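For reference, the structure is listed below as structure tokens.
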Amino acid sequence: MTMLSERASAKINLYLHVVGRRLDGYHRLDSLAVFAGAADTLTVEPAAALSLAVTGPFAAGLDGEADNLVLRAARALAAQAGVPATGRLVLEKNLPVASGIGGGSADAAAALRLLGRFWGVDVRRETLAAIAAALGADVPVCLIGRAAVMSGIGEILTPAPPLPPTGMVLVNPGVAVATPAVFRARDGGFSAPAVLPAEGWRDAESLAAALQATGNDLEAPALRLAPAIADSLAALRAAPGCLLARMSGSGATCFGLFADAAAARQAAGGLQHPGWWVWGGAINTG
Ligand code: C5P
């Protein structure tokens, strides 16, 4: 078998409501997660042992991590399938780490998809979903890789209403935020789940208008921990054509919605700033 590869697409929470808390401390969520063209790439080629090298603009600090989520995913899949964990993995890290767009979770999910093919193992979908959930709350949605409403702690997924073509700009202010710290910094209140129209939205404008009735409950605590997030939000809101600007996940990456990919790419071009990571394109609607 020759080299195989998988994309690990950025996951963006268009809204994220914290609706409760479990006895084990995990939070119950209601969130509309979508995916965009920005992605890490994971490749594998034959080798007797399992290894992982990290390349790309955000490789620093991740290379050689023995407990990298990609390796944990690989070992969990091999154990479940009863095959030896082998292969030389290379992760091209294009997405900022610890940034609220699911990078590590998307990488782990990509590893499950990629190595399932590479090893030729046939693991039931439910079993794969359980492996994903054990690796992290965002891994199940990243395994599916398409827009979904997340509930439970992230492991219960229902298909999202059909999404209209929508431009998106991502801005990361260059600060890493630890997810547990953001949940701890919440003020403790809970939100109601959002109500979404089953038929979806006519266009990006109506999607953005509907999202105004929702929010990201982690935005306020993340802003307290990392005030630089406010600069990214302000820059997005000031960008011509921005329909809605909000933080994704536990931050610090913020997103702006635009009428289409061309408007988003144009806005992204005007948002360059030292130390920022900026991406412009579209929400995946397929
Ligand atoms: O599942 P994952 O390892 O991605 O979660 C990281 C941390 O985020 C958890 O240890 C927990 O503190 C917090 N978390 C939470 N509720 C969720 C997801 C994550 O409290 N639904």
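The values are calculated or read from the model by the stated rules, or taken from the named source; none is laboratory data. Just so we're clear, the structure is a prediction, and the values are computed from it rather than from any experiment. Using ideal geometry, Cβ is built from the backbone for each residue, glycine included, and neighbour counts are taken over all protein chains shown.
So the values come out like this:
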item	result
Test: residue in the range 21-30 that is within 15 Å of the ligand (Cβ to nearest atom), in contact with a strand residue (DSSP E or B) (Cβ under 9 Å, 6 or more places away or on another chain) and farther than 25 Å from Leu128 by Cβ	yes
Pair list, Cβ under 8 Å, 6 or more apart: the range 18-37 residue farther than 20 Å from Thr253 by Cβ, other residue assigned to a loop (DSSP other than H, G, I, E, B) and within 10 Å of the ligand (Cβ to nearest atom)	Arg22/Ile153; Tyr26/Ala137; Tyr26/Ile153; Arg28/Arg22; Arg28/Gly152; Arg28/Ile153
Residues of the range 144-187 satisfying the condition of being of a type in the set (Lys, Arg) and either touching a residue at least 40 places away in the same chain (Cβ under 8 Å) or away from the ligand (no atom under 16 Å from the Cβ) (or both)	Arg146, Arg186
Residue within the range 25-42 that is on the phi > 0 side of the Ramachandran plot, under 20 Å from the mean Cα position of the chain (by Cα) and surrounded by fewer than 21 Cβ atoms within 10 Å (Cβ to Cβ) present	no
Flag for Leu135 being more than 11 Å from the ligand (Cβ to nearest atom) and buried (at least 19 other Cβ atoms within 10 Å of the Cβ)	no
Which numbered condition Ala230 fails, given (1) farther than 21 Å from Pro57 by Cβ; (2) touching a Leu at 6+ places or on another chain (Cβ under 7 Å); (3) touching a residue at least 24 places away in the same chain (Cβ under 8 Å)	(3)
Of all residues in the range 76-125 being more than 16 Å from the ligand (Cβ to nearest atom) and among the charged types (D, E, K, R), the one that is modelled with the lowest pLDDT	Asp122
For Ile12: the one exception among (1) away from the ligand (no atom under 16 Å from the Cβ); (2) surrounded by 15 or more Cβ atoms within 10 Å (Cβ to Cβ)	(1)
Ala192 vs. criteria at pLDDT below 95 and in the same structural domain as Leu233 (by TED's automatic domain parsing)	no
The listed residue being out of contact with any Phe, Trp or Tyr (no Cβ under 7 Å at 6 or more places or on another chain), among the aliphatic types (A, V, I, L, M) and free of Cβ contacts under 8 Å to residues at least 40 places away in the same chain, out of Leu135, Leu112	Leu112
Residues that are among the polar types (S, T, N, Q) and at pLDDT below 95, drawn from the range 246-286	Gln272, Thr285
